[in-house]
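The values are calculated or read from the model by the stated rules, or taken from the named source; none is laboratory data. None of the values given here were measured: they were computed from a predicted structure. Because the Cβ atoms are built from the backbone with ideal geometry, glycine has one as well, and the counts that use them run over all protein chains shown. All accessible areas refer to the heavy atoms of the entire protein, side chains included, with ligands and DNA or RNA removed. Shrake-Rupley method; radii C 1.70, N 1.55, O 1.52, S 1.80 Å.
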Amino acid sequence: MDVVLPARAGPACKVVALAESARVRTAGIAPSTVSKPLKQRKRGFLVRAAEPPSPAGTLPLLGDLLTVTGNLEKLSINLAQQHREQNSRILKLKLPGQTIFHLRHPEDIIEVMSDRTGRFAKPPGIQRLHKWLGTGLPVQIDSALHSRQRELLNPAFRSDYLKKLAPGMAVYANEVKRILLLHAGGVLEVQDLCRRAALDIIGKAAFDHEFEALAHSSLSQAMQIKADPLLAFDGLNQAAMRLAYDLPLPDSLIPGYRAYCDSVDMLDNAIRGIVNERRTTGIGPDAGDLLSYMMCTQQTTPTFPTDKQIRDEMMSMVFAGSDTVSSTAAFLLWALANHQNAQDRCRADIAKLAAIKPNSDTWSYSDMAQLTFVTACINETLRLFNAAVGAPRLATEATELGGYPIRKGAIVISDIYTLHRNENFWPQPDDWIPERFLPEQQAALGPSEKNAFLPFLIGPRSCIGQRFAIMELQTLAVLLLKAVRFKPASRDVDIIQDMTLRSRTGIWLQVEAVVFEED
């Protein structure tokens, strides 16, 4: 097996290397050439190979600033291509005053995300989102406080609580179905519908509140009572992505910052209204939503959570529970529209369970787990179109990853988008093949490394709501596919990233009514 050095190893190095003993598939997949950098013997000492390669176009002084800021919406997509072209394990980006390492090897990502020693911490730059997310769970820097906040929120995500959510999720999935059937035979934009459904679901499940987002869909034909809640989200994305990347610009000069501030103010007013309403009406004896948990805890331990912490967790939950899930749901429908055989196989999967449990509106989390092919389609969509494209960490001390030196103060980004498309671990990495998640096909189509699939991250800061998200996606898939066939429309998707992955041009699909037949 040949061993290829990083692109910048340089001709001066005399390299003596042993072949990598990696697991290699027989299905034509090239051996991994992105193992730890080879050490070289020079004057009797082992000397490390060159630093990780940088993207093409690195400039003196500016480094990769233009690469990052010039097309931030396509950054992960472009970096995935750079990784492939250079067959790199890690890419090094240089910004004025900052060095960023992009990781795509599961060993490196696991080492960073599972760290409990403090070597890799939430970067302080995430505090630039403080006006919006405060110190909510996703952006809490202090590890001890993060653990305490997670302990507070955990009861709302237990499996016994998820059982109670199935009927509520079904209500909004059925409303999406109603809207789609109103326009059967036409071509509809479904990304907005999925956003609205996800916001309504998280509003009811987390706060026992009706956002009425679906009622404001231009397709709904329903009476509109409240202001459209999605208006508060539309101004966030442009500035939030740049703030999260901690670009070397004052906040006021970040494009879209004024709209970002206005949107945060709108969300603050909405959350304040929800909390005040709950304090007026009180918490019922059977209440099990997230807001009830936090307010009950506050009554017994007034110092934690504070009103500010309740606000921050609500703000974080609205974002994490709506935009991220809706992105996956929309791409799932798009993938099924473009793979009719998979869509039919999903219906067969649903029919098999419906023959045993006819009322799909009440299917629980454990019931949904029996939908092996539907879940495989969801997992494959999470692989290719994972809403959260990367997770940044700060190196708090000098260390190494993948054999490369990482200096103290560098930013290390676990690039999930690129990991999930890493050609060294995934056969046909750019193709949507749900069968790779079926037990009988994993040997041939699944990843050669078990940790190459991390849609909800891993370790102490993994996504607390992952079971909630999967159940919501399963509920939407089941109830929509029982009534609607999705077909591709003659419009391409333009995939971009802001705070989540989405299509700039929306996701347009042809919808047709179907008659569902149970086994």
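Numerical summary
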quantity: Helical contribution to [θ] at 222 nm, DSSP H n ≥ 4, -39,500 (n - 2.57), averaged over the chain, rounded to 500; calculated: -13000 deg cm²/dmol
quantity: Counted charge near Val389, where neighbours are those whose Cβ lies closer than 14 Å (Asp, Glu -1; Lys, Arg +1); calculated: +1
quantity: Relative contact order (%) - criterion: Cα under 8 Å, at least six apart; region: segment 171-271; calculated: 19
quantity: Separation in nanometres of the label points that stand 7 Å from Cα toward Cβ, at Leu61 and Phe157; calculated: 4.6
quantity: Debye, to nearest 20: dipole size of the chain, +1 on Lys, Arg Cβ, -1 on Asp, Glu Cβ; calculated: 1800
quantity: Approximate spin-label separation Gln441-Thr505, in nm, with each point projected 7 Å along Cα-to-Cβ; calculated: 2.8
quantity: Mean separation of Cα contacts under 8 Å, 6 or more apart, over the residue count of the chain: relative contact order %; calculated: 23
quantity: Unsatisfied cross-links (Cα-Cα over 21 Å) in the set Lys131/Lys408; Lys352/Lys487; Lys92/Lys408; Lys164/Lys308; calculated: Lys131/Lys408; Lys352/Lys487; Lys164/Lys308
quantity: For peptides 247-258, 320-331, sequence by mean Cβ density within 10 Å, most packed first; calculated: 320-331, 247-258
quantity: Segment 140-291: C-alpha gyration tensor shape, a/c 1.5 cut-off, then a/b vs b/c; calculated: oblate
quantity: Order of exposure, largest accessible area first, which applies to Thr505, Thr99 with probe 1.4 Å; calculated: Thr505, Thr99
quantity: Heavy-atom accessible surface of the chain: percent carbon and sulfur, 1.4 Å; calculated: 54
quantity: DSSP H segments from the chain that extend 20 Å or more along their own axis, Cα-based, with Kyte-Doolittle mean of -0.5 or above; calculated: 159-182, 190-207, 307-337, 466-481
quantity: Average accessible surface area per residue within the chain, 1.4 Å rolling probe, Å²; calculated: 43
quantity: Segment Val171-Gln428, length gained on full extension (0.36 nm per residue, minus Cα span); calculated: 88.7 nm
quantity: Relative contact order (%) - segment 383-495, alpha-carbon pairs under 8 angstrom, separation at least six; calculated: 19
quantity: Cβ crowding within 10 Å averaged over residues, with 478-484, 180-186 ranked highest first; calculated: 478-484, 180-186
quantity: Euclidean distance of C-alpha centroids, segment 462-486 and segment 263-334, integer Å; calculated: 21
